[in-house]
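Here's the structure we're looking at; comments come further down.
The values are calculated or read from the model by the stated rules, or taken from the named source; none is laboratory data. What you are looking at is a predicted structure, and each value in this text was computed from that prediction instead of being measured. Neighbour counts run over all protein chains shown; Cβ positions are idealised from the backbone, glycine included.
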Amino acid sequence: MLVEAAVALACAGAPREPDRGYRMAFDGTAQSLRRWQQAGPGSFELTSKCRLRSRGGMGLLWWDRKLRRPYTVRATWRMVGDSNSGVFIGFPRAGDDPQVAITRGYEVQIDRTDVPENTTGALYGVQAPEVARRDRALRDGWNTFDITVGRRVVVRLNGVVVNTLVAPDPARVGGGYFGLQNHGDSDVVEYRDVQIRT
């Protein structure tokens, strides 16, 4: 199943154009969601404002094209209140199991309040962001992650480097898939667009 039936909702807007050097993985249209698959419970819905909104969980909406390093995932997102989500990178084909991304990839966390290793910009449970830099870069509304996967994993938040993992597990960065987390019933995060550069 691609995304829950809510994806059929009409969205009032033209497809977003990619930034220079990028291609769109999600451009605000239902058509761009054809290459995405939902694993696990919950879903994402396409809103009338052409955004993906998380619902329930814990699940994973993953893009079904394998990426080879180096690559960059650019995701523009906003959280409602103190919600939780994340962008997963470097995991093998997930099928219907969101745990594949958790145990065999890395999650770049979206969460306003938690211990440093589990807050926005962290590589969840692996490495905290540079908290002072992250706090200066983080906005109340829309934010953009640029997550570059190569020999290192570099996380930029609104253009500011907030995390660099120098010696990542080679199996998690050699190439793989990426996806978006829908964490739970009380966690609402929206994605405006998702782009990739290879």
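Looking only at strands (runs of 3 or more DSSP E) that fall completely inside region 78-176, which ones have 2 or more residues that are of a type in the set (A, V, I, L, M, F, W, C) and more than 16 Å from the chain's Cα centre (by Cα)?
Details: elements: 84-91, 106-111, 143-149, 153-157, 160-165.
It comes to 160-165.
Could you list, in sequence order, the residues of region 1-40 that are at pLDDT 95 or above and over 22 Å from ILE196 (Cβ atoms)?
Result: GLY40, single match.
From ARG134, ARG139, ARG172, which residue is at pLDDT 95 or above and surrounded by 14 or more Cβ atoms within 10 Å (Cβ to Cβ)?
On the way: ARG139 fails: surrounded by 14 or more Cβ atoms within 10 Å (Cβ to Cβ); ARG172 fails: at pLDDT 95 or above.
The match here is ARG134.
Do we have any residue at all in region 26-48 that's among the aliphatic types (A, V, I, L, M), within 20 Å of ASP146 (Cα to Cα) and part of a strand (DSSP E or B)?
No; the residues of region 26-48 include none that is among the aliphatic types (A, V, I, L, M), within 20 Å of ASP146 (Cα to Cα) and part of a strand (DSSP E or B).
Contact list please: Cβ distance under 9 Å, first residue in region 64-93 and free of Cβ contacts under 8 Å to residues at least 12 places away in the same chain and closer than 22 Å to GLY159 by Cα, second residue of a type outside the set (Ser, Thr, Tyr) and part of a strand (DSSP E or B), pairs at least six apart or on different chains.
none
For region 50-72, give me each residue that is charged (D, E, K, R), surrounded by fewer than 20 Cβ atoms within 10 Å (Cβ to Cβ) and in a loop (DSSP other than H, G, I, E, B).
Applying the first criterion (charged (D, E, K, R)) to region 50-72 yields 51, 53, 55, 64-66, 68-69.
Restricting the remaining residues to those that are surrounded by fewer than 20 Cβ atoms within 10 Å (Cβ to Cβ) gives 53, 55, 64-66, 68-69.
Once the filter is applied, which keeps residues that are charged (D, E, K, R), surrounded by fewer than 20 Cβ atoms within 10 Å (Cβ to Cβ) and in a loop (DSSP other than H, G, I, E, B), region 50-72 yields ASP64, ARG65, LYS66, ARG69.
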